[in-house]
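Asks: Structure provided below as structure tokens; questions to follow.
The values are calculated or read from the model by the stated rules, or taken from the named source; none is laboratory data. Just so it is clear, the model here is predicted, and its values are computed rather than measured. Neighbour counts run over all protein chains shown; Cβ positions are idealised from the backbone, glycine included. Just the protein is used for accessible areas: all its heavy atoms, side chains included, with ligands, DNA and RNA removed. Shrake-Rupley method; radii C 1.70, N 1.55, O 1.52, S 1.80 Å.
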Amino acid sequence: MTESMTARPITQRPIRVVALALVRDRRVLMVVARGRDVLYLPGGKIDPGESARKALLRECREELGVELDETTVEDMFTVLVQAHGEPDGRLVSMTVYRAETPDEPRASGEIDSLHWVTSADAYRCPPAGVDTLERLRDLDLID
């Protein structure tokens, strides 16, 4: 076997996503996507050529039917963990934003249901959600 044919580990970039931490009454909004059984923060992948903030605004419109107040959008933190449903070693880099909206969120697009949760619901989440709930609790934003 020649050098060029030997097996080498493939290094993949993390899957880049944005997520909204919409906090009300010490609970954060999470969603269940169609055909899934775990809780996710609303959000999704960043399209080519799209900024993270624009992706956040678009995803919230698509998934929750809300317009975020752009003046309140605040970058909180990024979690880098194993991507749910992906092969071991495939990571997700999820930038979590805090923002406000005058609209009442509703399930739309690919979302089956909405849930206002606390850190006690971490067992229902994939790794990125678990990490996020812990961080939000540590920031004293949720119970």
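Asks: Does residue 66 count as open to solvent by less than 30 Å² (accessible area, probe 1.4 Å), in contact with a Pro (Cβ under 6 Å, 6 or more places away or on another chain), more than 24 Å from residue 122 (Cα to Cα) and touching a residue at least 12 places away in the same chain (Cβ under 8 Å)?
Replies: Criteria met by residue 66.
Asks: Mind checking which residues of the range 42-63 are touching a residue at least 40 places away in the same chain (Cβ under 8 Å) and open to solvent by 20 Å² or more (accessible area, probe 1.4 Å)?
Replies: Selection gives 52, 53, 62.
Asks: Ok, one more. Is it the case that residue 106 is surrounded by 12 or more Cβ atoms within 10 Å (Cβ to Cβ) and of a type in the set (Lys, Arg)?
Replies: Answer is no for this residue.
Asks: Looking at 101, 95, which is the one that is open to solvent by less than 30 Å² (accessible area, probe 1.4 Å) and over 20 Å from residue 39 (Cα atoms)?
Replies: Answer to the selection: 101.
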